[in-house]
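In what follows, a single structure is set out as structure tokens and then discussed.
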Amino acid sequence: MNDLTPDREERSAGLKGLGCSRKRVEDARFTQGKGNYVDDVKLPGMLHGDFVRSPYAHARVVSVNKDAALALDGVVAVLTAEDLAPLNLHWMPTLAGDKQMVLADGKVLFQGQEVAFVVARDRYVAADAVELVEVEYEELPVITDPFESLKSDVVLREDLAGQTEGPHGPRKHHNHIFTWEQGDETATNQVLDGAEVVATESMYYHRTHPCPLETCGSVASMDKVNGKLTLWGTFQAPHVVRTVASLLSGIEEHNIRVISPDIGGGFGNKVGVYPGYVCSIVASIVTGQPVKWVEDRMENLMSTAFARDYWMTGKIAATKEGKITGLHCHVTADHGGFDACADPTKFPAGFMNICTGSYDIPVAYLGVDGVYTNKAPGGVSYRCSFRVTEAVYFIERMIEVLAIELNMDAAELRRINFIKKEQFPYQSALGWEYDSGDYHTAWDKALKTVDYEGLRKEQADRVEAFKRGETRKLMGVGLSFFTEIVGAGPVKNCDILGMGMFDSCEIRIHPTGSAVARLGTISQGQGHATTFAQILASEIGLSADSITIEEGDTDTAPYGLGTYGSRSTPVAGAAAAMAGRKIRAKAQMIAAYLLEVHDDDVEFDVDRFAVKGAPERFKTMKDIAYAAYNQAIPGLEPGLEAVSYYDPPNMTYPFGAYVCVMDIDVDTGVPEIRRFYALDDCGTRINPMIIEGQVHGGLTEALAVALGQEISYDKMGNVKTGTLMDFFLPTAWEVPNYETDYTVTPSPHHPIGAKGVGESPHVGGVPCFSNAVQDAFRAFGLRHTNMPHDHWRIWQTANDLGLHE
Amino acid sequence: MSDKMHIKLNVNGEDHEFLAEPRDLLIYALREKLNITGPHVGCDTSHCGACTVTVDGKSVKSCTMFVAQANGAEITTIEGIGQPDALHVLQESFREHHGLQCGFCTPGMITRATKLLEENANPTEEEVRFGMAGNICRCTGYQNIVKSILAVASELNSAKEAAQ
């Protein structure tokens, strides 16, 4: 039998299945400039739409005069709320249970809000016409601070005036949206009252933006002859867009085809439904011609989907030895003018209640108050599962603050509080069941690899040298240990606008033994066409190179909830495996028939079914595929295809251990990242090359957010960071090389044990970079300072601590 | 609007003649008049480099150049750098080293990298990072882009040495 072993390994390698660093099939197109992004869609007679946007953050719209714009040669239409009202499309529902103006209905609530939609022959004429639309505004008092908003007499949302009940319970004030509470506040307060040590800290997780390199856009084409609407767009959830488009427009769902073509990065920006999508549809219906709308970068940063903006206050209780006994967290969440957070319906603050982190905390409480202000709507998950970035930043800062309070090493404090391997599945105080983990092993590996003790020694020496005046550079050692929660569903807990958060895969095997598989997700750069084929290759024994993956066309792909919150591998990846197993079950029957044995007498072996105990008698999956189409097999229908709709029993909980070593020039405030080590455990690893790429990218977006990227407003509600001149996107020059590492703790409930990885590095990276900056100043009394740690703020921190004297 | 101008461009070895307004940007002339959609628009302010093309031998952000300024020029876009059956080494290398994810920045990135290696055939990692700093990527964190470019440089240099 030994001579068969290499053969099996060889066959297995030939499949390019699980664990193979398979090169990406997408790259042939992308490296040759043959991607097909929404702005590449060009249809005969296509018109261009452009928005008139409000220069004011809060104002009444007294009048809109379209005459001059309509008189311009090439202008086809100018739409305002008045035009949309008869269709009942001047407002639209948000994913958070609120509603949002499509075009300003009497007033505007944030700078950049959509007031009128101009439709013209080309983009230049449309832009000219935007300038010719005369809008008369009457300025209203502007509120950009959520705490001020909750005290103000100014009613921001007049449409909700008098409503004391919102979609998520009682509203305490006319600018209040919801209160969301998890855990046991009374018990938590009792623990805090009786605790040996309590550390308290307030922190602001600033507003930022996912800013994918491709902005949002859509092309709508209403074919009035056959009554069909085709909509191309930057949609992370094309099927949900189809359902929403049908509900809003009244066009039956089978008459709508939504296509997400190639997407130039999403990071959460492309989950929501934006006025531009709705206006392009209406404009196509009105004009009878295809209409394209693609926002420019300034519009993208001002109006579509900010992230974060959480004011968090924490209290953490512990024994003198550092055992955490309780955690209290309150958040004031600035949602802007409309509550357009992209969270599952029952979770108005997303999964913020993962904020007990990786630690065994017996009692905890979380309260979140959502508030309206005169800022852009959004609140999307920027490269994270619903608000997990905020949660992990919160707990990883609280751990650091507690370490300072206890005068204890922060790595050791984490170690003694980690949930232990044998405690999984672990029930957290705020309601989650963590599926699997081995935190101590990961932490020890990380600390050993970076020589943690050596780093602390070097840091202490540096502090002494600084005090002696021998250096002006301090050294920070940033730590973070994170637990993510990704892969929403299950359907019983998670839905978007009522649609349960399952996902799907349909696979069709062709007679010659190749296949096409379609899924309800959509890649935005993650490489689904490569990795889903790998999952299927291992399940059905056909080479990944023979399996085409298709996503993003609602006319062909099975219904799915899309790609965000790292849910593709945990949910659609599971559906792929399950669909593959259905194929295999039928293949087994076909093989048994061909081999003239009982179904139970054949077994699957990499790429074939063989007779048990007689491996030389076999039928390959290619033989079986052919037989499925050319043999009349008693009791079996012809053909070989399967579909699976997968409702995950639980979410998955990837985790990781990160260490950042940073030198900070006290006089310039410039941080220099000397080393970054990232250990990720995402369960079963499908394609190590792609995992590593995801980690590099997520860490870089973490670096951006921690060290400078923000959407900021002045008191008048003007966006101060509306272009890439002011909004920080790191270049190759600012970004270090990263060291990646891993452990493997499979998810016990996922068919192949995979957990998802795309967002982990961002979630774990932000606190790690921030902790490194703050750790550099710990020896000089710094307890906490808010992000983003740009050069100016770091200099200011050094100055406040008297380090420039 | 204003009077149209008669524009002649040679793009990827092919001559084109068309009318354009003085204010028409090169990127839109390429994308919308000539249907060359490899170069993309990412920012409109010449920060991101997704629109990078080569104009008369120099890397140019085509969102910040009027097509009138390019009149008579020879232009190379990603479409002219390699062909499906004869890819440029950089195109191969980006795939080999996973130097791209969503692909939106990739045409500009590779177009710029071809010029970088002409400007400096044997760059250090630092020189690659500095030379590519005008092109933003939101997905890869640059590590594998830098690796892809350095691998090509080292390959070309060993080939050169072997030839000598």
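Residues of segment A:638-669 that are farther than 30 Å from residue A:736 by Cβ and either surrounded by fewer than 20 Cβ atoms within 10 Å (Cβ to Cβ) or of a type in the set (Asp, Glu) (or both): A:638, A:639, A:641, A:643, A:645, A:647, A:649. The number of residues in segment A:622-673 being outside any strand (DSSP E or B) and of a type in the set (Phe, Trp, Tyr) comes to 3.
Selection over segment A:601-622 of residues that are touching a helix residue (DSSP H, G or I) at 6+ places or on another chain (Cβ under 8 Å) and of a type outside the set (Lys, Arg) gives a count of 11. Here segment A:145-157 is the region considered, the condition is being surrounded by 13 or more Cβ atoms within 10 Å (Cβ to Cβ) and either acidic (Asp, Glu) or modelled with pLDDT under 95 (or both), and the residue that is farthest from residue A:298 (Cα to Cα) is A:148. Taken over segment A:194-218, the criterion of being among the small types (Gly, Ala, Ser) and within 14 Å of chain B (Cβ to nearest Cβ) is satisfied by A:217 alone. Taking segment A:30-39 as the range and being without any contact (Cβ under 8 Å) to a residue 12 or more places away in the chain and surrounded by fewer than 18 Cβ atoms within 10 Å (Cβ to Cβ) as the test, only A:34 passes. Residue by residue through segment B:57-108, note down the ones that are free of Cβ contacts under 8 Å to residues at least 12 places away in the same chain, outside any loop (DSSP other than H, G, I, E, B) and not aliphatic (A, V, I, L, M). B:83, B:92, B:95, listed by residue number. For the structure I just gave you, tell me whether residue A:480 is under 24 Å from residue A:357 (Cα atoms), touching a residue at least 40 places away in the same chain (Cβ under 8 Å), of a type outside the set (Asp, Glu) and in contact with a helix residue (DSSP H, G or I) (Cβ under 6 Å, 6 or more places away or on another chain). Yes, satisfied. So if I check each of A:461, A:503, which one is of a type in the set (Asp, Glu) and more than 30 Å from residue A:669 (Cα to Cα)? Within the list A:461, A:503, the selection yields A:503. Only one entry of A:442, A:403, A:410 meets the criterion of being more than 27 Å from residue A:203 (Cα to Cα), surrounded by 19 or more Cβ atoms within 10 Å (Cβ to Cβ) and of a type in the set (A, V, I, L, M, F, W, C), and that entry is A:442.
Of all residues in segment A:715-757, those satisfying the criterion of being within 14 Å of another protein chain (Cβ to nearest Cβ), farther than 25 Å from residue A:449 by Cβ and either out of contact with any Leu (no Cβ under 7 Å at 6 or more places or on another chain) or among the β-branched types (Val, Ile, Thr) (or both) are A:721, A:723, A:724, A:725, A:726, A:728, A:729, A:731, A:732, A:733.
The set of residues in segment A:539-596 that are among the aromatic types (Phe, Trp, Tyr) and in a helix (DSSP H, G or I) contains only A:593. Scanning segment A:569-595 for residues that are hydroxyl-bearing (Ser, Thr, Tyr) and touching a strand residue (DSSP E or B) at 6+ places or on another chain (Cβ under 8 Å) yields a single hit, A:569. When A:35, A:106 are screened for being small (Gly, Ala, Ser) and within 14 Å of chain B (Cβ to nearest Cβ), only A:35 passes. Can you tell me which residues in segment A:228-240 are β-branched (Val, Ile, Thr) and surrounded by fewer than 23 Cβ atoms within 10 Å (Cβ to Cβ)? Across segment A:228-240, the qualifying residue is only A:230.
Taking segment A:185-208, which residues are β-branched (Val, Ile, Thr) and without any contact (Cβ under 8 Å) to a residue 40 or more places away in the chain?
Of segment A:185-208, the ones β-branched (Val, Ile, Thr) are A:186, A:188, A:191, A:197-198, A:200, A:208.
Once the filter is applied, which keeps residues that are β-branched (Val, Ile, Thr) and without any contact (Cβ under 8 Å) to a residue 40 or more places away in the chain, segment A:185-208 yields only A:186.
Is it fair to say residue A:728 is in the same structural domain as residue A:687 (by TED's automatic domain parsing), aromatic (Phe, Trp, Tyr) and not in a loop (DSSP other than H, G, I, E, B)? No: the conditions fail for residue A:728. Could you check segment A:142-200 and list, in sequence order, the residues that are among the small types (Gly, Ala, Ser) and assigned to a strand (DSSP E or B)? Scanning segment A:142-200 gives A:166, A:169, A:183, A:199. Got at least one residue in segment B:132-142 being crowded, with 18+ Cβ neighbours inside 10 Å and part of a helix (DSSP H, G or I)? Within segment B:132-142 (the criterion being crowded, with 18+ Cβ neighbours inside 10 Å and part of a helix (DSSP H, G or I)), the answer is no, since none of the residues qualifies. So, residue B:119, is that one surrounded by fewer than 21 Cβ atoms within 10 Å (Cβ to Cβ), free of Cβ contacts under 8 Å to residues at least 24 places away in the same chain and within 12 Å of chain A (Cβ to nearest Cβ) or not? When the stated conditions are applied, residue B:119 does not pass them. Which residues, counting only those in segment A:597-621, are assigned to a helix (DSSP H, G or I) and more than 43 Å from the chain's Cα centre (by Cα)? Answer for segment A:597-621, where residues must be assigned to a helix (DSSP H, G or I) and more than 43 Å from the chain's Cα centre (by Cα): A:599, A:600, A:601.
Taking only segment A:132-184 into account, find how many residues are farther than 23 Å from residue A:309 by Cα and of a type in the set (Val, Ile, Thr). Count: 3.
Scanning segment B:27-73 for residues being buried (at least 21 other Cβ atoms within 10 Å of the Cβ) and not hydrophobic (A, V, I, L, M, F, W, C) gives a total of 13. Considering B:160, B:147, B:115, the condition of being at pLDDT 95 or above, farther than 22 Å from residue A:696 by Cβ and in a helix (DSSP H, G or I) is satisfied by B:115 alone. In the set A:7, A:73, only one residue is more than 33 Å from the chain's Cα centre (by Cα) and free of Cβ contacts under 8 Å to residues at least 12 places away in the same chain; that residue is A:7. Within segment A:250-266, the residues that satisfy the criterion of being within 14 Å of chain B (Cβ to nearest Cβ) and part of a loop (DSSP other than H, G, I, E, B) are A:260, A:261, A:263, A:264, A:265, A:266.
Of A:135, A:142, A:191, all but one fail to be surrounded by 19 or more Cβ atoms within 10 Å (Cβ to Cβ), hydrophobic (A, V, I, L, M, F, W, C) and either within 14 Å of another protein chain (Cβ to nearest Cβ) or under 30 Å from residue A:46 (Cβ atoms) (or both); the exception is A:135. Regarding residue B:92, is this residue within 12 Å of chain A (Cβ to nearest Cβ), over 10 Å from the mean Cα position of the chain (by Cα) and acidic (Asp, Glu)? Spelling it out, residue B:92 is indeed within 12 Å of chain A (Cβ to nearest Cβ), over 10 Å from the mean Cα position of the chain (by Cα) and acidic (Asp, Glu).
The values are calculated or read from the model by the stated rules, or taken from the named source; none is laboratory data. Owing to the predicted nature of the structure, the values given are computational and were not obtained by experimental measurement. Here the Cβ is made from the backbone with ideal geometry for all residues, glycine too, and neighbour counts use every protein chain on show.
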